[in-house]
Amino acid sequence: MSKIYMAVTICQDRNESIFKPRENAEYSPGYYSYVLPCKAGENLKFALDCIGGLRVAHLCSTKKEAAELVETWNAGYKANGEYLFDSPAF
């Protein structure tokens, strides 16, 4: 079976962590993107429903195309100061 690649963007609260108590009550969104491989014929709705905080799911024909899109999105989040992992809490 052939693979389909999706570029997905996730939004999570920077102030929420399972490792330490919440420091601020205010919501502070952070974003990140990654490539999600799927097999042809796979139930895409189930795969996407399992991802908490999903904001964008973009189908790409190749892994390279998906990777380039993810790199562009993450670079934009870093430039805007919205990238989730600039100061990880763990």
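The values are calculated or read from the model by the stated rules, or taken from the named source; none is laboratory data. The structure presented is a predicted model; accordingly, all values stated were derived computationally and were not measured. Neighbour counts run over all protein chains shown; Cβ positions are idealised from the backbone, glycine included.
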Among L44, L54, L84, the single one that is surrounded by 13 or more Cβ atoms within 10 Å (Cβ to Cβ) and farther than 17 Å from G30 by Cα is L44
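Quick grid of which residues meet (1) at pLDDT below 85; (2) surrounded by fewer than 15 Cβ atoms within 10 Å (Cβ to Cβ):
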position	(1), (2)
K3	no, yes
M6	no, no
A25	yes, yes
K63	no, yes
A66	no, no
T72	no, yes
G76	no, yes
A79	no, yes
Filter the range 62-77 for residues that are under 25 Å from S2 (Cα atoms) and touching a residue at least 12 places away in the same chain (Cβ under 8 Å); the one that is farthest from the chain's Cα centre (by Cα) is T62
